[in-house]
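These notes are about the structure you will find just below.
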Amino acid sequence: MSTIVLEFNELSPTLLDRFIAGGHLPNFQRLHDAALVAVTDAEEEAPNLEPWIQWITVHTGLSYAEHGCFKLNDGGALVAPRIWDLVSRQGKTNWICGSMNAAAQSGFRGHFLPDAWATTPMALPHGHFDDYIRLVRSYVQEHSAKPEVSGADFVRFGRFMLAHGLSARSVWATMRQLGQELAGNVKWRRAMILDRLQWDLFRSIYRAERPHFSTFFLNSTAHFQHFHWREFEPELFKVQSSAEEQAAYGACILDGYRNMDRIVGQALELTGEGDNLVLLSALSQQPMLSHEDDGGRQIFRHRDIARLLAFAGVKEGWTYAPVMSQQFLLHFETEADAAAAALRMESLRLTDGRQVMWARQQGTTLDAGCMIERLATSEVLVTSPETNQPLPFAELFYPLAALRSGKHHPDGIFWIKGPGIRAQRMDERVSLRCVAPTLAELAEVQGRFSFPSIIEHDRIGVAA
C-alpha cells in the first residue's frame, strides 16, 4: 500500500465547491465523492498565516508556536521529524516532490526534491535533480524578470526530462503555449506548463520506485489567486482592472483549478484500490479588499541587485539568493557585515519619508525586500544617507504585473480516499495539527503528536 499526498497550495474550499457544482472539475468531483472530506483550520492570523509556516505544521504536526519557522527557507534548520522521516526510520521509501519549506533528516530513504524557492536543503540522491532544479529555480525565483539561463541549461533540462517521463502531451502543450504567446497576453499560462513537467517527473519516479509515501506540490493556482482575483470577481473591488486585463485574466483562476483537476484525474489512475490518495491545501485564499480605498496593494521588486546595494552603500562580499516576489536573501561572511548592510538598506527613504526596504538579520544572512505598496506618482525619489544622492524609485524598482487582490485565509482542504475510509463530509472544521497524525496513520508509522488522526475517532480535536 502506498500513500500519495497532492499538495495544491492555497486552493479555496469555497471555490472548489463552487467549481465542482458548476461541472468544471469532474476529477475533483470523483475524488470528493469517494473521500473523507474535511476543512482544516490553520489556527493562525497574519502575519503568521503563510504557506511556508502552515506546510511545516502539515508535515510535523507542530503549531507555529512550537516549530518557530517564520520565513521561507527556515524549514531546513528544523530538527523535528517530518512524516517522511518517520517512514524512513521504518525502512520504507519516499518520493517528496517539491514540498514547501521542507527538509530531510539523516537516514532519509528515497527521492527528495526541495521546493523551487529553497536555498539550503539538498536534493536527494545528491546531484540527481541538478539539471532540473537549475532551470526551474531560475524561472520561479526570477519569474518577474528575465531569468539568467543559457542554451546549455535548456539542453541539460531537456535531457533530464526525456529520461524522467516527459510526455507527448506536455511537449505539445509547451509548443502550443509558445505559439499563443506570439499572438496574445498568455505568458501567465507558463506556470501550468511547469505543473505538467513536474507531474511527468513525479509520475516517472513513482512508477519506477513505487515508494511507500509520496508528496506532490504545486503553487500555480495560488499565484493566480493572489494577483487576479480582481479580474475573476471584479464586482467585489472598487479599483477596477481595464477591459483588456479582465479579458486576459478573468478566467485564469478557473483555468488553474481545471489544470489541477487534470492532475487529480491522473493521480486517481496512478493509485490502486489498496492505495491512499490525499488532497491538501494547508490554507486557502479570499479576496483582498483592505487596500481598495488606497488604490490597491502593489508589489515592487528590485531591478538590479548590485546597483541597489551599491546605492545603499552596502560593501561587496555578499551572495544573493532570490526567493519569492520582492523577497530575497543576502549572505555575508560575518554577522557584523550583515548588520551593517541591514542598517544601510533600511535607511533608504522615499521623499515622503517612508522606509523603502526591510532587512531582517539572522546570523550572517539577511531576509530583505521592498516594503513599498503604493506610490503617489512615478517621479518619486529614493534617498540614501550613505551616498546622499537621490535616484528615481522607478530606476531601482519596478511593479509586478498586477495589483495584489487575493490574501490568505485559515481554512484548508483535507480529503482522504483509501481502503476502509468511509466517504463522508465532516461538519466541523478540524485543526491543521490533525493532518500529520492522520498521514502517519495512513503511512502506518508511529510519531509523537499533540492531536489525533481524523480517521481514528468519530469526533476529533476540533479547532477552537
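The values are calculated or read from the model by the stated rules, or taken from the named source; none is laboratory data. Note that the coordinates shown come from a computational prediction; the quantities given were computed from them, not determined experimentally. No Cβ is skipped: glycine too gets one built from the backbone with ideal geometry, and neighbour counts run over all protein chains shown.
Filter the stretch 37-71 for residues that are of a type in the set (D, E) and in contact with a Leu (Cβ under 9 Å, 6 or more places away or on another chain) and give the result. Hits for the stretch 37-71 are D41, E43, E44, E50. Among the residues making up the stretch 393-445, a single one is among the polar types (S, T, N, Q) and in contact with a helix residue (DSSP H, G or I) (Cβ under 7 Å, 6 or more places away or on another chain): S405. Take the residues in the stretch 47-92 that are among the hydroxyl-bearing types (S, T, Y) and in contact with a Phe, Trp or Tyr (Cβ under 8 Å, 6 or more places away or on another chain); name whichever of them is nearest to L6 (Cα to Cα). Of everything passing the filter in the stretch 47-92, T57 is nearest to L6 (Cα to Cα). The numbered conditions (1) over 23 Å from the mean Cα position of the chain (by Cα); (2) crowded, with 16+ Cβ neighbours inside 10 Å are all true for A152 except (2).
Among what's in the stretch 414-433 and is of a type in the set (A, V, I, L, M) and in a strand (DSSP E or B), pick the residue that is nearest to A42 (Cα to Cα).
Our first condition is that a residue be of a type in the set (A, V, I, L, M); within the stretch 414-433, this holds for 416, 421, 423, 426, 430, 432.
Now narrow it down to the ones that are in a strand (DSSP E or B): 416, 430.
Values: I416: 18, V430: 9 Å.
Among those that are of a type in the set (A, V, I, L, M) and in a strand (DSSP E or B), it is V430.
Can you find even one residue in the stretch 395-404 that is at pLDDT 90 or above and in a loop (DSSP other than H, G, I, E, B)? Within the stretch 395-404, not a single residue is at pLDDT 90 or above and in a loop (DSSP other than H, G, I, E, B).
Within the stretch 104-134, the residues that satisfy the criterion of being more than 30 Å from A152 (Cβ to Cβ) and buried (at least 19 other Cβ atoms within 10 Å of the Cβ) are F108, R109.
Among the residues here, S347 does not qualify as modelled with pLDDT under 90 and in the same structural domain as F393 (by TED's automatic domain parsing).
Restricting the stretch 436-455 to residues that are free of Cβ contacts under 8 Å to residues at least 60 places away in the same chain and polar (S, T, N, Q), the residue that is farthest from T3 (Cα to Cα) is S453. Any chance the stretch 420-429 includes a residue that's within 26 Å of the chain's Cα centre (by Cα) and either within 30 Å of Q90 (Cβ to Cβ) or of a type in the set (A, V, I, L, M, F, W, C) (or both)? No; the residues of the stretch 420-429 include none that is within 26 Å of the chain's Cα centre (by Cα) and either within 30 Å of Q90 (Cβ to Cβ) or of a type in the set (A, V, I, L, M, F, W, C) (or both).
Determine if the stretch 211-220 includes at least one residue that is closer than 24 Å to V278 by Cβ, more than 16 Å from the chain's Cα centre (by Cα), surrounded by fewer than 21 Cβ atoms within 10 Å (Cβ to Cβ) and among the hydroxyl-bearing types (S, T, Y). The answer is no; no qualifying residue exists.
From the list T377, T383, which one is among the β-branched types (V, I, T), at pLDDT below 95 and either in contact with a strand residue (DSSP E or B) (Cβ under 6 Å, 6 or more places away or on another chain) or on the phi > 0 side of the Ramachandran plot (or both)? Just a single option satisfies the conditions, and that option is T383. All conditions but one from (1) touching a residue at least 12 places away in the same chain (Cβ under 8 Å); (2) closer than 22 Å to G369 by Cβ; (3) surrounded by 15 or more Cβ atoms within 10 Å (Cβ to Cβ) apply to R307; the one that does not is (3). Annotation note: of S214, S204, the sole residue that is assigned by TED's automatic domain parsing to the domain that holds T271, over 19 Å from D131 (Cβ atoms) and among the hydroxyl-bearing types (S, T, Y) is S214. A Cβ distance below 6 Å, combined with a sequence gap of six or more or placement on separate chains, defines the contacts here; from the stretch 161-179, residues that are within 13 Å of Q198 (Cα to Cα) reach residues that are hydroxyl-bearing (S, T, Y) in the pairs H164/S204; G165/S204.
Check whether at least one residue in the stretch 187-198 is crowded, with 18+ Cβ neighbours inside 10 Å and more than 17 Å from the chain's Cα centre (by Cα), and report yes or no. Within the stretch 187-198 (the criterion being crowded, with 18+ Cβ neighbours inside 10 Å and more than 17 Å from the chain's Cα centre (by Cα)), the answer is no, since none of the residues qualifies.
Listed by first and then second residue, the pairs with beta-carbon distance under 7 Å, at least 6 apart or on different chains, first residue in the stretch 415-433 and of a type in the set (A, V, I, L, M, F, W, C), second surrounded by fewer than 19 Cβ atoms within 10 Å (Cβ to Cβ) and part of a helix (DSSP H, G or I), are A423/D33. When E346 is tested against (1) touching a Ser or Thr at 6+ places or on another chain (Cβ under 7 Å); (2) among the acidic types (D, E); (3) surrounded by 15 or more Cβ atoms within 10 Å (Cβ to Cβ), only condition (1) is not met. Residues that are out of contact with any helix residue (DSSP H, G or I) (no Cβ under 7 Å at 6 or more places or on another chain) and aromatic (F, W, Y) number at least 1 in the following strands (runs of 3 or more DSSP E) confined to the stretch 264-322: 300-302. When each of S204, S170 is tested for being in contact with a helix residue (DSSP H, G or I) (Cβ under 8 Å, 6 or more places away or on another chain) and assigned to a helix (DSSP H, G or I), the lone residue that passes is S170. Scanning the stretch 1-50 for residues that are among the β-branched types (V, I, T), in contact (Cβ under 8 Å) with a residue 40 or more places away in the chain and touching a helix residue (DSSP H, G or I) at 6+ places or on another chain (Cβ under 8 Å) yields a total of 5.
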